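Each remark here refers to the structure printed beneath this line.
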Amino acid sequence: MKLWLNCLTSKVFLLREGVKSKGCVYLTNSDRLHFGKDVLLGNNVKIMSRFHNSKVQIGNHVCIRDFVEINAKGGTLTIEDYCFIARGVWIGGMGSLLIGQNTMIGIGTVVVSSDHNYNFISIPYYDLSEIAKPINIGKNVWIGANSVILGGTNIGDGSVVAAGSVAEGEYPENVLLAGVPAVIKKTINRL
């Protein structure tokens with residue numbers, strides 16, 4: 001019953017915000033969620049601002065497909081204008097996260113801006129606090145399907161992350177990244 005009620009109240013909130021949705025969308029702490037114009041949300045999308053110090057900002061003309069979860073636990077999670085988030089993507093964490101305009105994120109990708117403190121073996125991992133590790137994904141970036149973008153990563157404008165890659169670290173503009181861990185395969189010469 002609670003999910004049905006959340007779906008209904010979320011639908012009302014989205015209508016007031018002018019956001020189009022296809023099916024049920026589940027929102028948490030909607031007062032910390034901000035949507036631009038012409039946003040389209042697929043079925044079973046979950047957008048959560050979990051704690052008082054977190055918020056989610058979604059820009060204009062953003063398309064978020066079915067079964068995507070956006071889970072801001074700390075800081076600001078920003079998806080800029082004209083982004084496309086494919087089906088089954090998980091985006092979130094304790095650290096701030098910026099996805100630059102015109103960026104496309106492929107099916108099944110995970111973008112996580114935090115890590116667990118694993119230094120104390122006597123304490124179960126789930127009881128340890130998360131460590132914020134901000135992520136900055138530049139403008140016009142294409143992240144291929146089933147990739148993982150780990151906390152502390154910066155991807156320069158115009159870069160491409162090949163499908164199935166695991167990116168962690170600093171990557172410049174206009175490069176092709178591939179592998180586990182992702183390494184620069186070549187520079188992309190733009191026209």
When the residues of segment 23-70 are narrowed to those that are among the basic types (Lys, Arg) and at pLDDT 90 or above, which ends up farthest from residue 105 (Cα to Cα)?
32
Residue that is surrounded by the fewest Cβ atoms within 10 Å (Cβ to Cβ), among those in segment 116-138 that are part of a loop (DSSP other than H, G, I, E, B) and of a type in the set (S, T, N, Q):
122
Could you grab the pairs with beta carbons closer than 7 Å, sequence gap of 6+ or different chains, first residue in segment 180-191 and without any contact (Cβ under 8 Å) to a residue 40 or more places away in the chain, second one in a strand (DSSP E or B) and aromatic (Phe, Trp, Tyr)?
184/171
Kindly provide the set of residues from segment 10-37 that are touching a residue at least 24 places away in the same chain (Cβ under 8 Å), assigned to a loop (DSSP other than H, G, I, E, B), farther than 25 Å from residue 95 by Cβ and in contact with a strand residue (DSSP E or B) (Cβ under 8 Å, 6 or more places away or on another chain), ordered by number.
22
Over segment 72-87, the set of residues assigned to a loop (DSSP other than H, G, I, E, B) and aliphatic (A, V, I, L, M) is 86
Somewhere in segment 107-115, is a residue within 21 Å of residue 92 (Cβ to Cβ), of a type in the set (Ser, Thr, Tyr), out of contact with any Asp or Glu (no Cβ under 7 Å at 6 or more places or on another chain) and in a loop (DSSP other than H, G, I, E, B)?
yes
Residues in segment 111-118: is at least one of a type outside the set (A, V, I, L, M) and free of Cβ contacts under 8 Å to residues at least 12 places away in the same chain?
yes
Scope segment 139-191; condition assigned to a strand (DSSP E or B), in contact with an Asp or Glu (Cβ under 9 Å, 6 or more places away or on another chain) and surrounded by 20 or more Cβ atoms within 10 Å (Cβ to Cβ); matching residues:
148, 149, 155
If I filter segment 38-54 for residues that are under 16 Å from residue 135 (Cβ atoms) and under 14 Å from the mean Cα position of the chain (by Cα), do I get at least one hit?
yes
Against the definition (closer than 15 Å to residue 64 by Cα, in contact with a Phe, Trp or Tyr (Cβ under 8 Å, 6 or more places away or on another chain), touching a residue at least 24 places away in the same chain (Cβ under 8 Å) and not small (Gly, Ala, Ser)), how does residue 45 come out, yes or no?
yes
Segment 67-83 - residue that is in contact with a strand residue (DSSP E or B) (Cβ under 7 Å, 6 or more places away or on another chain) and over 17 Å from residue 131 (Cα atoms) and, of those, surrounded by the most Cβ atoms within 10 Å (Cβ to Cβ)
79
The residue from 44, 60 that alone is more than 19 Å from residue 141 (Cα to Cα) and among the polar types (S, T, N, Q) is 44
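The values are calculated or read from the model by the stated rules, or taken from the named source; none is laboratory data. Quick caveat, the model's predicted, so the values are computed rather than measured. Ideal geometry is used to build each Cβ from the backbone, glycine not excepted, and the neighbour counts take in all protein chains shown.
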